[in-house]
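In what follows, a single structure is set out as structure tokens and then discussed.
The values are calculated or read from the model by the stated rules, or taken from the named source; none is laboratory data. For clarity, every value in this text was computed on a predicted model and none was experimentally measured. Here the Cβ positions follow ideal geometry from the backbone for every residue, glycine too, while neighbour counts run over all protein chains shown. Accessible surface areas use protein heavy atoms only, side chains included; no ligands, DNA or RNA. Shrake-Rupley method; radii C 1.70, N 1.55, O 1.52, S 1.80 Å.
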Amino acid sequence: MFKMNIKKLIVIIFFSIFILLLLCFLFFKINAGLSQKEIDQKLEANRDLINQLISDKETEREDYSNSLTFITDEESKTIIPQTTDSSISGPTTDTFTIEDDVSLPHILDNNDKAYYLNFKSSSWHLEKGDTLEIEIYADEDYFNSPGSLIFGYCLNKQETSIEQFRINKYKKITFKASTPGDYSFYLHCVSSDPIIIEGVVIK
């Protein structure tokens with residue numbers, strides 16, 4: 001009887017260890033987020049959407065160009081474009097949700113700004129010292145030049161710029177919270193040409 005109890009105890013211990021290891025594996029798997037291969041696959045899956053965004057942007061730029069009237073200054077012989085009614089009325093602000101770790105692709109024109117929220121369409125609550133990794137994927141080939149972006153965060157309705165950089169296909173930023181609070185993040189395009197953002201990853 002005593003031997004049987006020992007055997008049962010051993011089986012229970014091994015079974016418990018197995019369950020514990022399985023739970024640990026699932027925990028790390030969930031918190032690890034997407035692998036780089038999975039991120040690349042998601043970016044590639046959005047290629048048709050990126051091509052459509054580019055087509056729409058080119059149509060918008062052509063409409064804008066056609067809507068300009070040119071005034072000739074006879075004295076200085078300069079031509080001054082004067083804007084009339086146009087679909088491009090000024091800078092835009094868009095909000096993107098980071099679903100499945102990757103935002104949808106978008107195009108930022110000069111002075112455009114994009115805000116990023118988590119999958120619950122809310123900000124990230126961070127304690128002091130907490131860190132997040134922000135990865136920005138861009139297409140610099142279409143417009144044939146790396147674009148300039150400002151990355152920053154919004155806390156308590158106040159924007160703070162962190163870094164200005166020229167994007168060369170990929171940029172990784174490590175953000176460390178200096179104070180507890182609810183953080184959202186943004187990209188501000190300060191480039192003269194549009195910048196194609198293939199995706200933003202925040203984890």
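Only one of the listed residues (I150, I136, I50) is modelled with pLDDT of 75 or more, within 19 Å of Y170 (Cα to Cα) and surrounded by fewer than 18 Cβ atoms within 10 Å (Cβ to Cβ). That residue is I150.
Scanning the range 153-203 for residues that are modelled with pLDDT of 90 or more and of a type in the set (D, E), we see that the one that is nearest to A45 (Cα to Cα) is E198.
A Cβ distance below 6 Å, combined with a sequence gap of six or more or placement on separate chains, defines the contacts here; from the range 163-175, residues that are loosely packed, with under 12 Cβ neighbours inside 10 Å reach residues that are hydrophobic (A, V, I, L, M, F, W, C) in the pairs E163/F151. Would you be able to say whether some residue in the range 81-100 is over 24 Å from E159 (Cβ atoms), under 14 Å from the mean Cα position of the chain (by Cα) and either open to solvent by 80 Å² or more (accessible area, probe 1.4 Å) or at pLDDT below 85 (or both)? Yes, the range 81-100 contains at least one residue that is over 24 Å from E159 (Cβ atoms), under 14 Å from the mean Cα position of the chain (by Cα) and either open to solvent by 80 Å² or more (accessible area, probe 1.4 Å) or at pLDDT below 85 (or both).
Of all the numbered requirements in (1) more than 25 Å from L49 (Cβ to Cβ); (2) surrounded by 16 or more Cβ atoms within 10 Å (Cβ to Cβ), I196 misses one, and that requirement is (1).
For residues in the range 111-132 being at pLDDT 95 or above and among the acidic types (D, E), which is most open to solvent (accessible area, probe 1.4 Å)? Ranking the qualifying residues of the range 111-132, first place goes to E127. S191 meets the stated requirement of being touching a residue at least 12 places away in the same chain (Cβ under 8 Å) and touching a Gly at 6+ places or on another chain (Cβ under 6 Å).
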